[in-house]
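Got a structure here, written out as structure tokens. Questions coming.
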Amino acid sequence: MKSDRVSRRSFLSGQVQPSSLHISSAVVSVLPKHLENVVRLLSALPGVEVHHRNASKIVIVLEGPDSGALGARLAEISGWDGVLSANMVYEQIDDSAGHGEER
């Protein structure tokens, strides 16, 4: 079964050209004793990459088709055991309509 999900890597390498791709960074605050489990769960999510962590904070990058999908993912994460908050820091919308064409 073919997935319609577009990854940031395939987009940036030119393998696909979706109409838009939303890429966001977020900080997930956790209780220190839950850090390893939350990192493991985040790493298993499609469209989520763990980029940095310390004793109680995890920096992630999310990608999805729209802001609503990213917000829903953060809401899901914020409900996990040991997670204190999951907050979007930055969002980039990459509109590829006409990507590679001269204007």
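Values quoted throughout were computed directly from the atomic coordinates according to the rules given, and no laboratory measurement underlies them. Computed from a predicted structure; not experimentally measured. A quick note on method: Cβ atoms are made from the backbone with ideal geometry, for glycine too, and the neighbour counts reach across all protein chains shown.
Taking the Cβ of each residue in Val27, Val89 as the centre, tally the other Cβ atoms inside 10 Å and list the residues starting with the fewest.
Val89, Val27
Just rank Ile60, Ile23, Ile93, fewest to most, by other beta-carbon atoms within 10 angstrom.
Fewest to most other Cβ atoms nearby, the residues stand as Ile93, Ile23, Ile60.
Further question on the same structure: Based on other C-beta atoms within 10 Å, arrange Glu76, Glu63 from fewest to most.
Taking fewest neighbouring Cβ atoms as first place, the list is Glu76, Glu63.
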